[in-house]
1. Can we say VAL30 is among the hydrophobic types (A, V, I, L, M, F, W, C) and out of contact with any Leu (no Cβ under 9 Å at 6 or more places or on another chain)?
2. Being farther than 15 Å from GLN6 by Cα, under 10 Å from the mean Cα position of the chain (by Cα) and at pLDDT 90 or above: is that true of ILE26 here?
3. For segment 10-59, enumerate the residues that are assigned to a loop (DSSP other than H, G, I, E, B) and surrounded by 10 or more Cβ atoms within 10 Å (Cβ to Cβ).
4. What pairs can you find where one residue is in segment 44-69 and under 16 Å from ILE26 (Cβ atoms) and touching a residue at least 40 places away in the same chain (Cβ under 8 Å), the other is charged (D, E, K, R) and not in a helix (DSSP H, G or I), and their Cβ atoms are less than 9 Å apart, with a gap of 6+ or different chains?
5. Could you say which residue among VAL13, VAL57, VAL37 is touching a helix residue (DSSP H, G or I) at 6+ places or on another chain (Cβ under 7 Å) and at pLDDT 95 or above?
6. What are the residue pairs meeting all of these: first residue in segment 1-29, first residue farther than 19 Å from LYS56 by Cα, second residue of a type in the set (Lys, Arg) and in a helix (DSSP H, G or I), Cβ atoms under 8 Å, and 6 or more apart or on different chains?
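The values are calculated or read from the model by the stated rules, or taken from the named source; none is laboratory data. Computed from a predicted structure; not experimentally measured. Cβ atoms come from the backbone with ideal geometry, glycine included; neighbour counts cover every protein chain shown.
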Amino acid sequence: MVEIDQKFKEENVQTKMLLQVHDELIFDVVDEEKEKVEKIVKEIMTHTIELDVPLKVSADYGKNWYDTK
C-alpha cells in the first residue's frame, strides 16, 4: 500500500486509497484514471513479494462497495 501511494504521487494520480479490508483495497477512483490506476495497483500488488505461488489480483468497479461484487 505504501508503494501504491508513492507511485500515485510520482504519477500525479488524483485517485485516493480509502480503505483496506482483509485482502481488499478500496479506492475512490477518478473516472479518467481508471485504467492507469488498475495497471499500477495490479503491477505493484503482483510483484511486491515473490512467492512460490503467484498472487492473483483482480479489479472491480461500482458506485459503492456493494455494487463492486
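1. Working: among the hydrophobic types (A, V, I, L, M, F, W, C): yes; out of contact with any Leu (no Cβ under 9 Å at 6 or more places or on another chain): yes.
Yes: the conditions hold for VAL30.
2. On the way: farther than 15 Å from GLN6 by Cα: yes; under 10 Å from the mean Cα position of the chain (by Cα): yes; at pLDDT 90 or above: yes.
It is true that ILE26 is farther than 15 Å from GLN6 by Cα, under 10 Å from the mean Cα position of the chain (by Cα) and at pLDDT 90 or above.
3. Taking segment 10-59 and keeping what is assigned to a loop (DSSP other than H, G, I, E, B), we get 11-15, 22-23, 29-30, 48-59.
Within segment 10-59, GLU11, VAL13, GLN14, THR15, VAL29, VAL30, THR48, LEU55, VAL57, ALA59 qualify.
4. Listed by first residue and then by second, the contacts come to nothing, as the list is empty.
5. On the way: VAL57 fails: at pLDDT 95 or above; VAL37 fails: touching a helix residue (DSSP H, G or I) at 6+ places or on another chain (Cβ under 7 Å).
Step by step, each of VAL13, VAL57, VAL37 is checked, and only VAL13 is touching a helix residue (DSSP H, G or I) at 6+ places or on another chain (Cβ under 7 Å) and at pLDDT 95 or above.
6. GLU11/LYS36; VAL13/LYS7; VAL13/LYS36
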